[in-house]
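Data first, discussion second: the structure below is written as structure tokens.
The values are calculated or read from the model by the stated rules, or taken from the named source; none is laboratory data. Because the structure is predicted, anything quoted here is derived from the model rather than measured. Counting neighbours? That spans all protein chains shown, and the Cβs are built from the backbone with ideal geometry, glycine included.
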Amino acid sequence: MNGPYMSGTPCWIDLMVPDQQAALDFYRDLFGWQGEVGPPETGGYSVCTLKGKPVAGIMRASNPDGTVPDPMPPTVWTTYLATDGIDSTLKAVTDAGGSVMMGPMDVMDLGRMAVITDPTGAVVGLWQYGTFAGAGIVNEHGALIWNELSTGDTDAAAAFYSAVLPISTAKSQMPGAEGYTEFKVGGRSVGGMMDLAALPAEVPPHWLPYFHVDDVDGVQAAVVRAGGSVRAPAFDMAAGRMAVLSDPQGGTFAVITATAPESPA
């Protein structure tokens, strides 16, 4: 991926954690990412790379003044959707029943960002391309391959995302994936959506990043050895073999050996 992503496409992910260095070490060992705590002017934000290309961000949870939050927010991965115009998108967000949690704000010359909550309660970011397009490598071992929304109201979510970005929805045609919805941009599937009822009752609406890996079972075992946990043990499904895992600080993600990886760009 060399240029900007089409508006509506998941283009970046980042992780907010209490211990940034521990997270950098964990994902380096698990996926081969390279990254270090960033400069003060970026709040220490780390852009991790894989094969020299940006793959994900990791930042320390902190208040705007740099102090440690109390209580500490949950450790979560945030998915960012590309937009050609963040201000008009944010107006569409509020018009469609969503809310703005943060922003819009300029990130130096890299771009503009905001974080919103959709009407079903799921948090997602928005990214307007400047000099930084987002993930520079996808669909390879250790890189992003898919982003999935779990929500208690799939109809409301479909209507919302279609209203705020050039996203359409369609029921999946994969065998065994009845009831699964795909998000499409320009006719291409760029993400998915499932009913929250399939998950434990305590799980809130959320976006989940998927990383492509060569060996799901091996990665699952490595996560456990490193002090992480297994949310859904490795299993076979229509799109490949996958597992849902959490890092030692609680950041949840999925890994998949996809049967036919496709670029989300």
#### Entry: Number of positions in segment 90-117 that are aliphatic (A, V, I, L, M), under 18 Å from Gly8 (Cα atoms) and surrounded by fewer than 18 Cβ atoms within 10 Å (Cβ to Cβ)
4
### Task
Provide a single number: the residues in segment 173-194 that are surrounded by 16 or more Cβ atoms within 10 Å (Cβ to Cβ), without any contact (Cβ under 8 Å) to a residue 24 or more places away in the chain and over 17 Å from the mean Cα position of the chain (by Cα).
1
### Query
Out of Leu90, Leu126, which single residue is outside any loop (DSSP other than H, G, I, E, B), aliphatic (A, V, I, L, M) and closer than 30 Å to Ala22 by Cβ?
Leu126
### Condition met for Met59 (farther than 19 Å from Pro166 by Cα, outside any loop (DSSP other than H, G, I, E, B) and under 17 Å from the mean Cα position of the chain (by Cα))
yes
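Quick grid of which residues meet (1) over 22 Å from Val244 (Cβ atoms); (2) small (Gly, Ala, Ser):
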site	(1), (2)
Asp153	no, no
Ala158	yes, yes
Ser162	yes, yes
Ala170	yes, yes
Pro175	no, no
Gly179	no, yes
Phe183	no, no
Met193	no, no
Ala197	no, yes
### Odd one out for Ile145, checked against (1) in a loop (DSSP other than H, G, I, E, B); (2) on the phi < 0 side of the Ramachandran plot
(1)
### Task
Answer yes or no as to whether Pro233 is outside the structural domain of Gly98 (by TED's automatic domain parsing) and within 25 Å of Met16 (Cα to Cα).
yes
### Query
When segment 12-37 is examined, which residues are found to be in a loop (DSSP other than H, G, I, E, B) and of a type outside the set (A, V, I, L, M)?
Pro18, Asp19, Gly32, Trp33, Gly35, Glu36
### Query
Among (1) closer than 26 Å to Gly240 by Cα; (2) outside any loop (DSSP other than H, G, I, E, B), where does Asn139 come up short?
(2)
## Note on the structure
Subset of segment 233-262, residues modelled with pLDDT of 95 or more and of a type in the set (Gly, Ala, Ser), comes to Ala234, Ala243, Ser246, Gly250, Gly251, Ala254
## Note on the structure
Only one of Gly98, Gly103 is touching a residue at least 24 places away in the same chain (Cβ under 8 Å) and of a type in the set (Gly, Ala, Ser), namely Gly98
### Query
Are any of the residues in segment 100-113 more than 30 Å from Leu30 (Cβ to Cβ), part of a helix (DSSP H, G or I) and more than 19 Å from the chain's Cα centre (by Cα)?
no
### Query
Residues of segment 149-171 being of a type in the set (Gly, Ala, Ser) and either on the phi > 0 side of the Ramachandran plot or part of a strand (DSSP E or B) (or both), which ones?
Ser150, Ser168, Ala170
### Query
Out of curiosity, is Ala265 surrounded by fewer than 17 Cβ atoms within 10 Å (Cβ to Cβ), modelled with pLDDT under 95 and not β-branched (Val, Ile, Thr)?
no
